[in-house]
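A.B. asks: Pasting a structure below so you can have a look.
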Amino acid sequence: MQAMPPEIGPTTEALIQESRRVTPDLTDEVRHLTLQVQDPVFQFVEGQSIGVLVPGPHPFGNPFHLRRYSIANARPIAPGADAELELLVRRCFYVDEVSGERYPGIASNYLCDAEPGDRITISGPYASPFRMPPDNRANLLMIGTGTGIAPFRAFVQLIYERRGDWQGQVRLFYGGRTGLDLMYYNDEAIDLADYYDDKTFKAFHALGTRPLTSSAQALKRGLTDNAAETWRLAREPNTYVFLAGLRKTAEVFDQVMAEQAGGEAAWAQVKQGLVDDGRWSELVYD
């Protein structure tokens, strides 16, 4: 690994093995990338993220650009095997508030344009608030939107493919404006369905019912439809809550649970208990 500034840490090289689109052509482009890392020092656990360094020069003279991405798969089964990473990347653009011009996101377009055989520089893995509880009797509530589903996919793989002995109840709530927005559960990719287990794992994919419905609003509908069971699980002493995606995701969950609790103060008390016990984790962004 190469030496880098302290805020980045050591880096290593990753080979892009596969890049495939997981959303249809008529919606935003989201790609699933598979990377191979042959460096034996590089090891990761579910819930962690890596940094992708885009070579410069960049605006303002920066020699590189760093963007973090959650790892979307479980760790290798065989000890000492080459690490294989899977990333979920949405091709992003932003509009300059002054000029009104549209610019491509640096890291997302760099990754979406990369082809199999290309080599990129990555850093990490980085610590994450998401940690799988060691007790296989724990209940998991996973709530997300957009590419926030990536770490949950890694958790589900670990539970049902790597371990296969999970006894706790696992619930995944995932919101999208339309079915095309449901990564890993649409016409292009449906691999999450491979892990469904009626005894323990249920996934609720909530969709918008109106043209301008946001993914967070769709998520709220899915949570509301299953609010009683979610509230019951949230109060059990062995339940862990994970939230990922837009900050609105956490706000929506708070709203639905407050309604079930009979008020914001009652829900705040239950939520604080989850936080104090280390059973509440969130990875949200604006």
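The values are calculated or read from the model by the stated rules, or taken from the named source; none is laboratory data. Worth saying up front: this structure is predicted, and the values here are computed from it rather than measured. A quick note on method: Cβ atoms are made from the backbone with ideal geometry, for glycine too, and the neighbour counts reach across all protein chains shown.
A.B. asks: Might you let me know whether the stretch 60-72 holds any residue that is without any contact (Cβ under 8 Å) to a residue 12 or more places away in the chain and either in a loop (DSSP other than H, G, I, E, B) or in the same structural domain as PHE155 (by TED's automatic domain parsing) (or both)?
C.D. replies: yes
A.B. asks: Here's another thing I want to ask about it. List every residue pair whose Cβ atoms lie under 6 Å apart, where the two residues are 6 or more positions apart in sequence or sit on different chains, the first residue falls within the stretch 274-286 and is more than 11 Å from ILE143 (Cα to Cα), and the second residue, located anywhere, is aromatic (Phe, Trp, Tyr).
C.D. replies: Listed by first residue and then by second, the contacts come to LEU274/TRP280; ARG279/TYR240.
A.B. asks: Mind checking whether some residue in the stretch 263-273 is loosely packed, with under 14 Cβ neighbours inside 10 Å and touching a residue at least 12 places away in the same chain (Cβ under 8 Å)?
C.D. replies: Checked against the condition, which is being loosely packed, with under 14 Cβ neighbours inside 10 Å and touching a residue at least 12 places away in the same chain (Cβ under 8 Å), the stretch 263-273 yields no hits at all.
A.B. asks: Tell me, which strands (runs of 3 or more DSSP E) wholly within the stretch 86-178 include 2 or more residues that are surrounded by 16 or more Cβ atoms within 10 Å (Cβ to Cβ) and at pLDDT 90 or above?
C.D. replies: Passing ranges, in order: 119-126, 139-145.
A.B. asks: Suppose we filter GLN36, GLN43, GLN17 for residues that are polar (S, T, N, Q) and assigned to a loop (DSSP other than H, G, I, E, B); which single one remains?
C.D. replies: Result: GLN43 is the single residue among GLN36, GLN43, GLN17 that is polar (S, T, N, Q) and assigned to a loop (DSSP other than H, G, I, E, B).
A.B. asks: Moving on. What about HIS32, is it surrounded by 11 or more Cβ atoms within 10 Å (Cβ to Cβ), farther than 28 Å from PHE242 by Cβ and in contact (Cβ under 8 Å) with a residue 24 or more places away in the chain?
C.D. replies: It is false that HIS32 is surrounded by 11 or more Cβ atoms within 10 Å (Cβ to Cβ), farther than 28 Å from PHE242 by Cβ and in contact (Cβ under 8 Å) with a residue 24 or more places away in the chain.
A.B. asks: Considering only residues of the stretch 87-130 that are touching a His at 6+ places or on another chain (Cβ under 7 Å) and without any contact (Cβ under 8 Å) to a residue 60 or more places away in the chain, which is farthest from ARG279 (Cα to Cα)?
C.D. replies: Top of the filtered list is ILE106.
A.B. asks: Sticking with this one: Being part of a strand (DSSP E or B) and among the aliphatic types (A, V, I, L, M): is that true of LEU53 here?
C.D. replies: yes
A.B. asks: May I ask you to list the residues in the stretch 260-277 that are under 15 Å from LEU243 (Cβ atoms) and assigned to a loop (DSSP other than H, G, I, E, B)?
C.D. replies: Of everything in the stretch 260-277, nothing turns out to be under 15 Å from LEU243 (Cβ atoms) and assigned to a loop (DSSP other than H, G, I, E, B).
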